[in-house]
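The values are calculated or read from the model by the stated rules, or taken from the named source; none is laboratory data. Since the model is a prediction, treat every value here as computed from it, not as a measurement. Using ideal geometry, Cβ is built from the backbone for each residue, glycine included, and neighbour counts are taken over all protein chains shown. Accessible surface areas use protein heavy atoms only, side chains included; no ligands, DNA or RNA. Shrake-Rupley method; radii C 1.70, N 1.55, O 1.52, S 1.80 Å.
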Amino acid sequence: MVISNASSSAGEAVYSTFSSRYVREELPRYRMPSGSIPKEAAYQIISDELMLDGNPRLNLASFVTTWMEPECGKLMMDSVNKNYVDMDEYPVTTELQNRCVNMIAHLFNAPIGEDETAIGVSTVGSSEAIMLAGLAFKRKWANKMKEQGKPCDKPNIVTGANVQVCWEKFARYFEVELKEVKLTEGYYVMDPKKAVEMVDENTICVAAILGSTLTGEYEDVKLLNDLLVAKNKETGWDVPIHVDAASGGFIAPFLQPELEWDFRLPLVKSINVSGHKYGLVYPGVGWVIWRSKADLPDELIFHINYLGTDQPTFTLNFSKGASQIIAQYYQLIRLGFEVCIVS
């Protein structure tokens, strides 16, 4: 064993290495080493340094899943080298994703028949899901405004000030004004009445949160829907609702099945949920489901044929691992649906 005292100069910080007899020199921190080292040494160096990370099993500070059954872990490792986007190469993985989309759509009471296919896609967490849902709302709103001969350069979205940072990212990245309903003492979620008051003709949607990041509280989506239905009828607008159910989407259907927050409400056009939270899958996987095909503009779907057949895709990225999708399917069929009524 070799233990070295690491020194550093500007831009040339180094690691202390002590992993094996093969490693006799300090490794540069920000440059590749001049030569190769044995695989055992590389493994030991990295493994030792990762010991300084927190233990995921002891992480109670986030919602993210940190443990899965060994059988599911094995499935993930067996498929970690699969690229989900290669649908022709991995058709079974594509089928498992489609099954997950349909299972989640039925869980959220989407108005589809048993022989119909739901509209949705897996994402890299709820952040990408929200970006995709927001883009669909923005494009649909812009198309409607153009048909009416009205300007479409000032879209806005109404949310509570308690939204997760991904909503701020969407607004800034895609040039949408974020109109936030301020929170008040003792009321730490969006007030539906104030939200509807902020809606105007340029509002692409109102975003409701089912499971606030700050407190875990559900916003009153039913009241929001009813108030917005009335305002749309009064004004002639058709402002829709998106439900960010990143946390609550895999909780409410089981604990409070009578709670109306999902596609049972007519203005709810899309819902996102995080598989890597209470979907019980390692990060990162999310899902976004649309109420119907009409709610996802066709021009946002790309058709590629790199591998021989038509492959429709709607994602912000292209390549992504398939293992989390497979793990989500495992959890859905492994645990099944059991309602637990909490009095």
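Listing for the model above:
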quantity	calculated
Cβ-derived FRET efficiency at R0 51 Å, Lys39 paired with Asp115, nearest 0.05	0.50
Distance between modelled label sites at Asn55 and Ile301, nm, 7 Å Cα→Cβ extension	4.8
Scattering curve values for the chain, log₁₀ I(q)/I(0), Debye with Cα scatterers, q = 0.09, 0.12, 0.16 Å⁻¹	-0.59, -0.92, -1.36
Placed amide H near Leu183: partners under 5 Å, 5+ positions off or other chain	Ala161
GluC sites (Glu not before Pro) restricted to DSSP loop in the stretch 171-202 with at most 16 other C-beta within 10 Å	Glu175, Glu185, Glu201
Lys150 versus Glu89: modelled label distance in nm, points set 7 Å from Cα along the beta carbon direction	4.7
Cα-centred dipole magnitude for the stretch 207-343, charges only on beta-carbon of K, R (+1) and D, E (-1), debye, nearest 20	320
Extension reserve of the Gln256-Thr184 stretch, reckoned as 0.36 nm per residue once the Cα distance is removed	23.3 nm
Whole-percent carbon and sulfur share, accessible surface of the stretch 81-193, 1.4 Å	48
Whole-number accessible area per residue in Å² for the chain, which is evaluated in the context of all protein chains at 1.4 Å	54
Cβ crowding within 10 Å averaged over residues, with 270-281, 132-143, 30-41, 214-225 ranked highest first	270-281, 132-143, 214-225, 30-41
FRET efficiency, 1/(1 + (r/R0)^6) with R0 56 Å, evaluated for Leu335 and Asp200 via beta carbons	0.80
Sorted peptide list for 241-247, 84-90, criterion being average Cβ within 10 angstrom, highest first	241-247, 84-90
Estimated dipole of the stretch 74-335 in Debye, rounded to 20 [Cβ of Lys and Arg +1, of Asp and Glu -1, Cα centre]	260
In nm, spacing of pseudo-spin labels at Tyr173 and Thr309 (7 Å Cα→C-beta vector)	3.1
Listed residue pairs exceeding 32 Å between alpha carbons, taken from Lys82/Lys140; Lys150/Lys179; Lys82/Lys144; Lys74/Lys293	Lys82/Lys140; Lys82/Lys144; Lys74/Lys293
Charge dipole (the stretch 202-343, unit charges on Cβ, about Cα centre) - positive-most of Val206, Gln256, Pro312	Pro312
Förster-model FRET efficiency, 56 Å R0, Asn232 and Met77, C-beta, rounded to 0.05	0.65
